[in-house]
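The values are calculated or read from the model by the stated rules, or taken from the named source; none is laboratory data. Quantities reported herein were computed from a predicted structural model and do not represent experimental measurements. Please note: Cβ atoms are built from the backbone with ideal geometry, for glycine as well, and neighbour counts cover all protein chains shown.
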Amino acid sequence: MSPIPGIIASQITGHLSTNSFESIQTVTVGSGGQSSISFSSIPSTYKHLQFRMSLKGTVASAALLVQYSGDTASNYNDHYLEANGSTVVAGYDATAAMIIYGTMAPTAATNVFSGGVLDVLDYTNSNKYKTSRTLSGYDANGSGTIDFDSGLWRSTSSISSALFYPTSGNFAQYSQISLYGIKG
């Protein structure tokens, strides 16, 4: 009789890392909302970054935008795939001044926030451009969207800051983005 791999693996002790993610900073939007969420002085001591988001907009429809290290020039590319249950939209931006990541829950979706995870890979590697990927979406009791996005910041500089803002309107109260460092 051969052993079951899962049972064998479950007996491993001391070899699995349970602290690969370290919380760096969390920003929660206060009363009245705000136009942007900023992370500055991002430490360069991790392999990757992860932003975990719970967002709501103050308008009927808005996407999330990000710029890295204060770069407002057309040094970004992105690809997106969005579905809402009946329609699928795909596209790309070849030379943009920011990266587009997903759709935020609209103001009309009462008590609904979009959830999302944005991974930024090798954010300090000076030998390559910075790539990222996002999965986000929301469900408003039968309506909503899901988004798969990828982005490229065409720079070999380290990412030392990130500025998030909606395409229109503001972030609603209680919107939140948390930044984590991922050890390598």
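Could you tell me which residue of region 133-184 is farthest from Y123 (Cα to Cα), considering only residues that are aliphatic (A, V, I, L, M) and not in a loop (DSSP other than H, G, I, E, B)?
Initially, region 133-184 is screened for residues aliphatic (A, V, I, L, M), giving 135, 140, 146, 152, 159, 162-163, 172, 177, 179, 182.
Subset that is not in a loop (DSSP other than H, G, I, E, B): 135, 146, 152, 162-163, 177, 179, 182.
Working: L135: 19, I146: 26, L152: 11, A162: 11, L163: 15, I177: 18, L179: 13, I182: 11 Å.
Step by step, filter region 133-184, then rank; the result is I146.
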Of (1) touching a Phe, Trp or Tyr at 6+ places or on another chain (Cβ under 8 Å); (2) within 21 Å of A60 (Cα to Cα); (3) at pLDDT 95 or above, G181 satisfies every one except (2)
Flagged in region 123-140 as crowded, with 18+ Cβ neighbours inside 10 Å and among the charged types (D, E, K, R), in numbering order, are K130
Subset of region 82-119, residues surrounded by fewer than 22 Cβ atoms within 10 Å (Cβ to Cβ), closer than 22 Å to I177 by Cβ, modelled with pLDDT of 90 or more and not β-branched (V, I, T), comes to E82, D93, A96, A97, F113, G115, D119
Residues of region 31-80 being surrounded by fewer than 16 Cβ atoms within 10 Å (Cβ to Cβ), at pLDDT below 95 and under 14 Å from S168 (Cα atoms), in sequence order, are V59, A60, S61
> Taking I159, is it of a type in the set (A, V, I, L, M, F, W, C) and either closer than 19 Å to S38 by Cα or surrounded by fewer than 16 Cβ atoms within 10 Å (Cβ to Cβ) (or both)?
Replying inline: yes
Scanning region 108-130 residue by residue, those farther than 17 Å from S160 by Cβ and of a type in the set (V, I, T) turn out to be T110, V112, V117
Residues of region 75-130 being touching a Pro at 6+ places or on another chain (Cβ under 9 Å) and free of Cβ contacts under 8 Å to residues at least 40 places away in the same chain, in sequence order, are none
All conditions in (1) over 15 Å from the mean Cα position of the chain (by Cα); (2) part of a loop (DSSP other than H, G, I, E, B) are true of G91 except (2)
